[in-house]
């Protein structure tokens, strides 16, 4: 083995370990998968869902609990869709799967005027079909392939355009109230998933329904975050960490925090108000991609071990 090849293998092993660790941590933090679960893994043919299935298969093989996986792909009947690719890939893996054929393409192109974004209607149709399929399969969890960057993009989209401070939850009940939706890639970086997909040579299937007609607002947010990631190392990591460190008493939602009953006898709450002092900003969080996560002394992360 050449030095270059050895280095590539070493880097891939670190990347794979980091992704598996991140998925294991997210599953543990939010109790995403429990003993006896039947997890419906939504497989679009994109890099993220391929990686999610790959990592969950490894977890299934080594986790101390037993659960089932079934991969589900929705064939929306886009012209030129290579319908043979996913069945061939899944058969080779030996994974239980179902291909659901529904002509949502014709519905979307009929209802949406040419040049207008199809994302909203397409998304609603897909959700309805996937919820129905989950019920038919008896799935207890629906796994979606959204990652850390998707979560941050959604946060900023809601702030900039929706006036709400919310994002994609790692685990929540579906909007029809019947299913538990999980996002095992919640702690995974998109750039890691890109590298992983390239290394694993997943048979990527592009979404031709939209083509280049992306959601322009989301695309603008993604571009902004990518620019920040290049110019200000650590900023994206700090933003994501903020989603895990919410201080309601220092925001403005009086329905979330009881401001009305605060008086001089309430005591100092979450550090108190420092009035006109300049806020003391913490040290910049640097993303140490190659290091193990730092665990405070005396603490132990309760993570399912993945070999």
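Every number here is computed from the coordinates shown, using simple stated rules; none is lab data. Note that the structure is a prediction, hence the values are computed from the model and not measured. In this analysis, Cβ positions are derived from the backbone assuming ideal geometry, glycine residues included, and neighbour counts consider all displayed protein chains.
At-a-glance table
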{"quantity": "Contact order normalised by residue count of segment 3-233, Cα under 8 Å, 6+ apart, percent", "calculated": "26"}
{"quantity": "Residues 246, 269, 221 arranged by fewest to most Cβ contacts within 10 Å", "calculated": "246, 269, 221"}
{"quantity": "Normalised per residue, the volume of the convex hull around the Cα set of segment 3-233 (Å³)", "calculated": "154"}
{"quantity": "Nearest-0.05 FRET efficiency for residue 5 and residue 178, computed from C-beta distance (R0 51 Å)", "calculated": "0.55"}
{"quantity": "Label-point separation, residue 62 to residue 14 (7 Å along Cα→Cβ), nm", "calculated": "1.8"}
{"quantity": "DSSP-defined antiparallel bridges as percent of all bridges, segment 3-233, nearest 5", "calculated": "15"}
